[in-house]
Amino acid sequence: MSYDSLVRRIPRRMFFVMLALVAVVGFAVSSQARASQPRDDDRASQVRNVESPINIAVLIQDDLISQVGNELGVTADFIRSLPKGSRVMVGYITTGTLQVRQPFTTDLASAASSLRIPLATTAASPYNPYVEVIEALRQFNSSWQNQNVVLLVSDGLDTSRGFDVTTAANTVDLLRATREANTRNVNVYSFYAPSVGLTSHNRLAASYGQSSLNRISNETGGKAFFQGTTGFVTFDPYFAELRRALNRRT
């Protein structure tokens with residue numbers, strides 16, 4: 001019997017009832033299938049937090065522009081979201097010294113609360129950031145388990161040996177910091193932000209600084225995060241990608 005003949009033999013009211021039932025069943029099956037699939041926000045939540053404990057030193061250059069202070073909230077959220085058993089140190093690279101605001105601790109709330117707004121003045125400019133990175137690296141304990149990480153928030157610029165393309169990403173202290181990190185098995189991740197000095201108004205200086213951050217991060221198994229050489233970008237996408245990068249290493 002053909003489809004048209006079958007339709008003609010079914011009463012019109014019954015035909016529409018059958019169509020309604022088919023639609024309801026189809027909707028229910030489709031809804032169940034969608035429910036069994038993770039939604040986009042569910043997928044995002046799966047990579048929102050670091051999955052395994054880490055030992056991390058958060059180092060912030062003290063002469064970065066004032067807008068960096070607006071990112072303290074997301075930085076504190078990142079620290080508090082780390083899994084139980086993580087160790088955190090918070091330090092500021094300032095005037096040629098490393099100011100440790102919070103020595104390594106498993107108290108994540110205490111570490112997060114130790115963050116402060118950068119001074120955002122050339123009076124706080126470091127000799128170069130990499131001398132203090134070396135100092136921070138030496139505070140990692142070789143007996144610790146878990147992945148060792150430095151998060152360096154800096155403009156990356158080291159002009160102590162000159163200001164040209166052949167020396168800016170090849171300074172003695174940058175190379176020393178890279179060797180020290182590799183010796184201690186520490187991955188250096190870096191967030192670029194301009195300082196109130198050269199990198200806030202000189203694109204070449206910003207480019208040199210980013211090249212240096214890219215080098216120390218790449219050569220220690222980490223990653224550098226930056227977008228362009230002008231202006232300032234929020235750290236939100238940087239932290240999202242940092243979490244994904246850390247999870248890929250576990």
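Would you mind getting me the FRET efficiency between Thr95 and Ile134? Use the beta-carbon distance for r and R0 = 25 Å, nearest 0.05.
On the way: r = 16 Å, r/R0 = 0.65.
Between Thr95 and Ile134 the formula returns 0.95.
How many nm separate the modelled label positions at Ser143 and Arg179, each set 7 Å beyond the Cα in the direction of the Cβ?
Each label point is offset 7 Å from its Cα along the Cβ direction, giving 2.8 nm.
Most exposed first by the Cβ proxy, i.e. fewest other Cβ within 10 Å, how do Asp63, Asp107 rank?
Numbers: Asp63 27, Asp107 12.
In order of increasing Cβ crowding within 10 Å: Asp107, Asp63.
Beta carbons within 10 angstrom, averaged per residue: use that to sort the peptides 149-156, 72-79, highest first. Let's see the in-between values first.
Working: 149-156: 27.5, 72-79: 17.2.
Taking the mean over residues of other Cβ atoms within 10 Å, the ranking is 149-156, 72-79.
Measure off 7 Å from each Cα along the Cα-to-Cβ vector at Val172 and Ile117, then give the distance between these two points in nanometres to one decimal.
With each label point 7 Å from Cα toward Cβ, the separation is 3.8 nm.
Quick one: if you stick a label point 7 Å off each Cα along the C-beta vector at Asn202 and Ser110, how many nm between them?
4.2 nm
Of the peptides 129-141, 233-245, how do they stack up when ordered by the mean number of other Cβ atoms within 10 Å, highest first?
On the way: 129-141: 20.4, 233-245: 16.3.
Highest-to-lowest ranking by the protection proxy: 129-141, 233-245.
What is the Cα centroid distance between the stretch 65-128 and the stretch 181-247, reported in whole angstrom?
16 Å
Amide H to amide H under 5 Å from Val58: which residues, 5+ apart in sequence or cross-chain, H placed 1.01 Å off N in plane?
The answer is Met89, Val90, Gly91, Leu151.
Considering the options Ser114, Gly162, Phe239, tell which one lies farthest towards the positive end of the dipole of the stretch 53-248, charges being +1 on Lys and Arg and -1 on Asp and Glu at the Cβ, about the Cα centre.
With unit charges placed on the Cβ atoms, the residue in question is Phe239.
Find out how many positive minus negative residues lie around Gly197, taking Lys and Arg as positive, Asp and Glu as negative, among other residues whose Cβ is under 13 Å from that of Gly197. Please list the in-between numbers first.
Numbers: positive: none; negative: Asp62, Asp63, Asp155, Asp158.
Summing Lys/Arg as +1 and Asp/Glu as -1 gives -4.
Assuming R0 = 22 Å, can you tell me the calculated FRET efficiency for the pair Leu72 and Asn49, based on Cβ-Cβ distance, to the nearest 0.05?
Values: r = 19 Å, r/R0 = 0.87.
So, using R0 = 22 Å, E works out to roughly 0.70.
HN-Hα J couplings of the stretch 126-135 from phi, Karplus 6.51/-1.76/1.60, θ = phi - 60°, integer Hz, Gly and Pro as x?
Each residue's phi maps through the Karplus curve to give x, 4, 6, x, 7, 4, 6, 4, 4, 4 Hz.
Rule-based calculations on the coordinates, nothing more; no lab input. Computed from a prediction, not measured in an experiment: that's the story for all the values here. When we count neighbours, we look across all protein chains shown, and the Cβ atoms used for this are built from the backbone with ideal geometry, even at glycine.
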